[in-house]
Amino acid sequence: MNIVIIGYKGQGVKTAARTISRAAMFAGMFSQDFYESGNIVKAYVRLDKEPLLEKGPIQSPDIMILLDQSLFSAKAAKDNIVYIINSTDKNLVKKNIHILNASEIAFATTGKAIPNTPMLGALSKYVQKIQTKHLKQALDIELPRKQKEHASAIEEGLKLVK
């Protein structure tokens, strides 16, 4: 499975990728993650039950996580990709496009509007192998402060994604 995460600097793109990769390892999978930094940060995560041999940016993702709605183009959207978007625009929701107000969830649970943690919860709905317990274990390592708050953000993200 190939996952691409895109967001603005400071939205937790790198932490999200590292958390997904670590959670996959807790779930018994092989994983790799890497990033391209700038004002817009892109992270790539590969997951598989077999050792990963491919390297480099992911050209054909299975899932795209967009930490800001402004990074989404409906015209460029492809039917074979699952999109999870930090948005309140219910008009975006389609068979393969899912939204949640991750910034609001993050602010309510952690006190900061950094959308990455709720988006991880939403991801667990579409990647059955990675369960919320794996994400929580990974976040205990990646974000050791406010563990209960981040766990709550994951649960809310899973519950509220549409």
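The shape of region 2-160 can be summarised by an equivalent ellipsoid whose semi-axes, obtained from the alpha carbon gyration tensor, come to 20, 20, 15 Å from longest to shortest.
Please state, as a whole number in µm²/s, the translational diffusion coefficient that the Stokes-Einstein equation yields for region 60-127 at 20 °C and 1.002 mPa s, with Rh defined as the Kirkwood radius across alpha carbon pairs. Numbers along the way, then the final one.
Details: Rh = 12.1 Å.
Translational D for this selection: 177 µm²/s.
Geometric descriptor of region 82-162, per residue, is 74 Å³ (volume of the convex hull of the Cα atoms). Computed across region 1-88, the Kirkwood hydrodynamic radius from all distinct Cα-Cα pairs reaches 13.3 Å. Sparse packing (at most 13 other Cβ atoms within 10 Å of the Cβ) combined with a DSSP loop state is found for the following trypsin sites (Lys or Arg not before Pro) in region 35-74: Lys49, Lys55. When Leu71, Leu143, Leu53 are arranged by Cβ crowding within 10 Å, least crowded first, meaning fewest neighbours, the order is Leu53, Leu71, Leu143.
For the chain, the 222 nm mean residue ellipticity estimated from helices alone, with every DSSP H stretch of n ≥ 4 adding -39500 (n - 2.57) and the total spread over all residues, rounds to -11500 deg cm²/dmol. Antiparallel beta bridges, as assigned by DSSP with both residues in the chain, represent about 55 percent of the total such bridges.
Values in this text are rule-based calculations from the coordinates and carry no lab data. Here the structure is a predicted model, which is why all the values come from computation and not from measurement. Quick reminder, even Gly has a Cβ in these numbers, built from the backbone with ideal geometry, and neighbours come from all protein chains shown.
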